[in-house]
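Engineer: My structure is below; once you've seen it, I'll send some questions.
The values are calculated or read from the model by the stated rules, or taken from the named source; none is laboratory data. Given the structure is predicted, the values throughout are model-derived calculations rather than measurements. In case anyone asks, the SASA skips ligands and DNA or RNA and just uses the protein heavy atoms, side chains included. Shrake-Rupley method; radii C 1.70, N 1.55, O 1.52, S 1.80 Å.
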Amino acid sequence: MAKQRGLLIILSGPSGVGKGTVRAAVFDDENCDYVYSISATTRKSRPGEQDGVDYHFMSRQEFEALIDQEALLEYAEYVGNYYGTPLASIERHLEEGRDVFLEIEVQGARKVREKMPEGIFIFLAPPSFKELETRLTDRGTDSDDVIRERMLKAKKEVAMMEAYDYVVVNDEVPVAVRKINAIIDCEHLKADRVVDRLLSDIADYFVEEGEDK
């Protein structure tokens, strides 16, 4: 039977909602078989982040060279820094039947939707805006002005939830992870992903049996 093409899974949401924490929890599961597409960024690394693990950290000049080479699936500038998704390995993994998991900003998700509308778009939402502000403040990496800027940006981003296929509220990380995995399992069972492959297998069987009329 022909191999099913992998799914492109896009996890997105406002800054501070916990995208990185939820993504890490998804991949901590020993049964996880997704490929994580590591984004590139020009922002400085935060404590505990590793180059090539959390992000590909690079200079603005290096990032703009990738733009010129059309080597990014998407990119966006957010709060003074570039974020983008290197394209090279994504299509290869999808053709191999691997599910590719992206964790990206809302601007980037919009651009991916334009180029690859077949992707599975999941919006990670905060349980409340007050909680979002608390998470941004507790992170301790941004000034009050930057936090204010991020909150105003988040207001616009949350208003775009309807453009996504699914919305998962990140109240408790393990619950959010279970919901994301359930979404992906269900997507693999959709008829339009399965029917052609099964019908092709049936046709091949009857050809082999000499009953292909």
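Engineer: Given the pairs 130/190; 44/156; 19/156; 155/190, which are separated by over 29 angstrom at their Cα positions?
Structural biologist: Check vs 29 Å cut-off fails for 130/190; 155/190.
Engineer: Here's another thing I want to ask about it. Give the carbon-plus-sulfur fraction of the accessible surface of the chain in %, rounded to a whole number; probe 1.4 Å, heavy atoms of protein chains only.
Structural biologist: Answer for the chain is 50 percent, counting heavy atoms of protein chains only.
Engineer: Could you work out the relative contact order of the stretch 38-97, using alpha carbon pairs under 8 angstrom and six or more residues apart, expressed as a whole percent?
Structural biologist: On the way: 76 pairs, mean separation 21.4, N = 60.
Once normalised by length, the contact order is 36 percent.
Engineer: Just to check I understand the Karplus step: with θ = phi - 60° and J = 6.51 cos²θ - 1.76 cosθ + 1.60, what whole-Hz values come out for the stretch 113-124, glycine and proline as x?
Structural biologist: 4, 5, 8, 9, x, 6, x, 9, 9, 10, 9, 9
Engineer: Which residue, 193, 135, 110, has the most motion in a Gaussian network model of the chain that connects Cα atoms within less than 10 Å?
Structural biologist: Maximum among the listed residues: 193.
Engineer: Turning to a different aspect of this structure: Under 8 Å for C-alpha pairs, at least 6 residues apart: give me the relative contact order for the chain, rounded to a whole percent.
Structural biologist: Result for the chain is 31 percent.
Engineer: Which whole-Hz couplings ³J(HN,Hα) result when phi for each residue of the stretch 66-73 is put into the Karplus expression 6.51 cos²θ - 1.76 cosθ + 1.60, θ = phi - 60°, listed in order with x for Gly and Pro?
Structural biologist: Once θ is set to phi - 60°, the couplings for the stretch 66-73 become 5, 4, 4, 7, 6, 9, 10, 5 Hz.
Engineer: Which value in deg cm²/dmol, rounded to the nearest 500, describes the helix-derived mean residue ellipticity at 222 nm for the chain, given -39,500 (n - 2.57) per DSSP H run of n ≥ 4 and division by the residue count?
Structural biologist: The per-residue figure over the chain is -14000 deg cm²/dmol.
Engineer: A further question follows. So what is the accessible area of the chain per residue, in Å², with the probe set to 1.4 Å?
Structural biologist: 56 Å²
Engineer: Quick one: Cα centre-to-centre distance for the stretch 1-45 and the stretch 129-164, in angstrom?
Structural biologist: 20 Å
Engineer: Rounded to whole Hz and in sequence order, give me ³J(HN,Hα) for the stretch 21-37 from the Karplus expression 6.51 cos²θ - 1.76 cosθ + 1.60, θ = phi - 60°, writing x for Gly and Pro.
Structural biologist: These are the phi-based 3J(HN,Hα) values: 5, 5, 4, 4, 5, 4, 7, 6, 5, 5, 8, 5, 10, 7, 9, 8, 8 Hz.
Engineer: Would you please calculate the Kirkwood hydrodynamic radius of the stretch 100-174 over all C-alpha pairs and express it in Å, rounded to one decimal? Spell out each step's value before the answer.
Structural biologist: On the way: mean 1/r = 0.0734 Å⁻¹.
Every distinct Cα pair counted, the radius reaches 13.6 Å.
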